[in-house]
1. Give me the strands (runs of 3 or more DSSP E) completely within the stretch 1-97, filtered to those with at least 2 residues that are of a type in the set (A, V, I, L, M, F, W, C), within 17 Å of Gly321 (Cα to Cα) and in contact with a strand residue (DSSP E or B) (Cβ under 9 Å, 6 or more places away or on another chain), ordered by residue number.
2. Taking the options Ile72, Ile110, name whichever one is closer than 23 Å to Pro180 by Cβ, open to solvent by less than 60 Å² (accessible area, probe 1.4 Å) and among the aliphatic types (A, V, I, L, M).
3. Which of the residues that make up the stretch 137-154 are in contact (Cβ under 8 Å) with a residue 24 or more places away in the chain and small (Gly, Ala, Ser)?
4. Would you kindly identify the helices (runs of 4 or more DSSP H) lying entirely within the stretch 235-302 that contain at least 3 residues that are open to solvent by less than 50 Å² (accessible area, probe 1.4 Å)?
5. Count, please, the residues in the stretch 85-107 that happen to be open to solvent by less than 40 Å² (accessible area, probe 1.4 Å), more than 19 Å from the chain's Cα centre (by Cα) and not small (Gly, Ala, Ser).
6. Being farther than 14 Å from Glu260 by Cα, of a type in the set (S, T, N, Q) and open to solvent by less than 20 Å² (accessible area, probe 1.4 Å) is the filter here; which residues of the stretch 208-227 pass it?
7. If I filter the stretch 311-321 for residues that are closer than 30 Å to Arg195 by Cβ and touching a helix residue (DSSP H, G or I) at 6+ places or on another chain (Cβ under 9 Å), do I get at least one hit?
8. Could you give every pair whose Cβ atoms fall below 6 Å, whose first residue belongs to the stretch 55-80 and is farther than 21 Å from Gln318 by Cβ, and whose second residue is part of a helix (DSSP H, G or I), counting only separations of at least 6 or pairs across chains?
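The values are calculated or read from the model by the stated rules, or taken from the named source; none is laboratory data. All values reported here derive from a predicted model rather than from experimental measurement. Heads up, the Cβs are rebuilt from the backbone with ideal geometry, glycines too, and the neighbour counts pull from every protein chain shown. The accessibility values were calculated without ligands, DNA or RNA, using every heavy atom of the protein model including side chains. Shrake-Rupley method; radii C 1.70, N 1.55, O 1.52, S 1.80 Å.
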Amino acid sequence: MKVRVYGAQPDELRLYDEAEKQGGLTFDFAKAPLNESNVDEVQDCEAIIVMTNCQVNEKVVEMLAKKGVKYIATRSAGSDHVDYAAVKKYGMHCCNVPFYAPEAISEHTILMALRVLRHEKKCSAKLAAGDYTLEGLKGRQLGQLTAGVLGTGRIGRPTMTLLNGFGTRVLGWDPYPNEPAAKLCTYVERDQLLRESDIIFLHCPLTPDSYHVIGKETLSMMRDGAVLINTARGGLVDHAAVLEALKSGKLSGFGFDVYEDEAAFVRKKKTLDEIGDPVFEALLACEDAIYSPHVAFYTDGAIYSMIEVTLDNLRQYQATGECRNEIKEEAGPV
C-alpha cells in the first residue's frame, strides 16, 4: 500500500525506512501540509498520514476519494481537523492515535503552569533589561492552590497525578467520570469547579458542546486572579474574552500551547504582521501570558509511539479493512 505522509521530520524518516523494509507499505513524503491547493499532488496512494495542521475539509476529502484514497490516518489524538462527516459520505475510513505517551503533554502542562505562577516571562524581561530587583516577581506555589481539571481522561489523569505530587487540591469535571480519575481528584459540577479553582487546566476534546467552554460567561464565574492553562485544543477558549480578562485582572495568568486559528501559522515561519491576528499579538505581548506553538506533545518518546501506532493502524486496514483505532463518530472523551 502506497502512503503519502505529511509533516514527517528528517529525524523521523528512519522509522518509515524500517517500516518499508518490513514490507507492505511504501511512502511518499509531502513538504507542505495538506490543503485544498495541494491535494492534487496526491497520486496513486491508497492512504495518507496527516497532522493537525492539515486541512481535511469536505472539498479535500472529495478530491482524495476521487484519487482512490481509502484511509486517512491522523498522527494525533485529536481529530477535529478532519471532517468526519465527509469521510463517511465518501465511503472512506479514518483513524487516530488515542495512546501516545500522554505524560508528555501533562509534563508540559505543569511546566506552563509553573512558568505563569512564577512570572518567568516577566523575570526574563527584567534580566534582559539589567534589572535584578524583586519587584513584580512574587509568585505562588502550586501546592498551595486548588486546581480544577476540565477533562479527566487519558491526559487529564497524568496531570492530576503530577498535581497530587505537589500537594495541590484537585477538583475534576468530565461528562464521562471514571474510577481511576476519582482516585486523583474530587469530582464536582463544572460551575463549582470554575468558582473554587485558583488554576484551571483544560484537557477536554473539542466538540460542539465544548467550543468556547471558556468565554465571557465562564470567566465571570472564576475567582479573581485565577490562572488558565490550555494544552488541549484552541477552540475551547474565546481568546478575545481571555485577553480582556487578563487586562482587567480577572485572570492573573494564561498559559496556552494551542490557539483557535493556529493553522495559519503553526509549523510555519511567519511574522506577526503576516499572521495578522491582533488578539494573538496582544496575548503574546501580555506579561502574564505564556505561549508555546503546539509542542506539548513533542518528545522523542511520544513521536516514536505516534508513528508506530499510525503505521500499525494502516497495517490493520490493509489486512482487514478495519482498524481498532478507527474514528466512527464525532470526537468523544480523551
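1. Where strands (runs of 3 or more DSSP E) fall fully within the stretch 1-97 and carry at least 2 residues being of a type in the set (A, V, I, L, M, F, W, C), within 17 Å of Gly321 (Cα to Cα) and in contact with a strand residue (DSSP E or B) (Cβ under 9 Å, 6 or more places away or on another chain), they are 47-50, 71-74, 93-95.
2. Exactly one residue qualifies, and that residue is Ile110.
3. Result: Gly143, Ala147, Gly148, Gly151, Gly153.
4. On the way: elements: 239-248, 272-275, 278-285.
Ranges flagged: 239-248, 278-285.
5. 2
6. Thr218
7. no
8. Glu58/Ala86; Val60/Val39; Met63/Val39
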